[in-house]
Amino acid sequence: MRSFEAGETVVRRDVYRGRVWSEQALRVVADSTDALVTACAPGAELRRPWRYVQACADGDRFPRCEALEAMAMGESELVGGVWQDTELLLWKPPTAWFSVNAFYTSAGMRNWYVNFEHPIRRTRGGFDTFDLAVDLIVAPDLSRWHWKDEDEYAQVRRLGIVTDAEYRAVDAARDQALAMIEERTGPFGDAAVWRSWRWGPGWPVPRLPRS
């Protein structure tokens, strides 16, 4: 599969048992054998399960639980929308069971966000992965961190969405991510550069393919 060019629009898809669970349009920042680096900004197009969208709109976690139950049953009705509020820079090594993300507001970097997910599977128009629910939130200066969505992670385990093999892979990935923070490797080794990054004012907002 070819490398992507800087500035190109690619689509990240979460795929579960052959069905698309979400789609997000991203702009390629860099693509190398080490990692694919992509970004998005408010207005970038996406598609997500309608129950998840409802949960975000209402501030109610119950529809998110319903969305996970629907996924376990093979339901994946998606609705269109746009990325809101923050700029995003995403670093995804090809074989890692996580990605490192950075979120930015007008005040600068808000936080690092380690998203535990399947290794990348490149497609003609982007890449496929699958979000495994649990996340690690890290302060911009790397001085502190905490786990997020452990309750949802327990739920996807109960529902069989996350298998025993995936659970073991996530356990190993947790250790790898924490070691990267401690040892200042990967993006954390260039933390000052990442903290100063911003979406270019002349860059077009990524859009999903019309097909």
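The values are calculated or read from the model by the stated rules, or taken from the named source; none is laboratory data. On a predicted model such as this, the values are computed, not experimentally measured, just so you know. In this analysis, Cβ positions are derived from the backbone assuming ideal geometry, glycine residues included, and neighbour counts consider all displayed protein chains. Side chains included, ligands, DNA and RNA excluded: accessible areas come from the protein's heavy atoms. Shrake-Rupley method; radii C 1.70, N 1.55, O 1.52, S 1.80 Å.
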>> Please count how many residues of the stretch 151-174 are outside any loop (DSSP other than H, G, I, E, B) and in contact with a strand residue (DSSP E or B) (Cβ under 8 Å, 6 or more places away or on another chain).
In response: 8
> Does the stretch 6-30 hold any residues that are farther than 19 Å from R198 by Cα and open to solvent by 60 Å² or more (accessible area, probe 1.4 Å), and which are they?
Replying inline: R13, R17, G18, R19
>> Can you go through R198, R207 and tell me which one is in contact (Cβ under 8 Å) with a residue 60 or more places away in the chain, surrounded by 13 or more Cβ atoms within 10 Å (Cβ to Cβ), assigned to a loop (DSSP other than H, G, I, E, B) and in contact with a Phe, Trp or Tyr (Cβ under 7 Å, 6 or more places away or on another chain)?
In response: R198
> Regarding A177, is this residue open to solvent by 30 Å² or more (accessible area, probe 1.4 Å), modelled with pLDDT of 95 or more and either outside any loop (DSSP other than H, G, I, E, B) or at positive phi (or both)?
Replying inline: no
>> For the condition closer than 21 Å to A25 by Cβ and at pLDDT below 95, what is the one hit in L89, L78?
In response: L78
> Which residues, counting only those in the stretch 103-150, are more than 17 Å from P187 (Cα to Cα), in a strand (DSSP E or B), open to solvent by less than 30 Å² (accessible area, probe 1.4 Å) and of a type outside the set (V, I, T)?
Replying inline: E117, G126, F127, D128, L132, A133
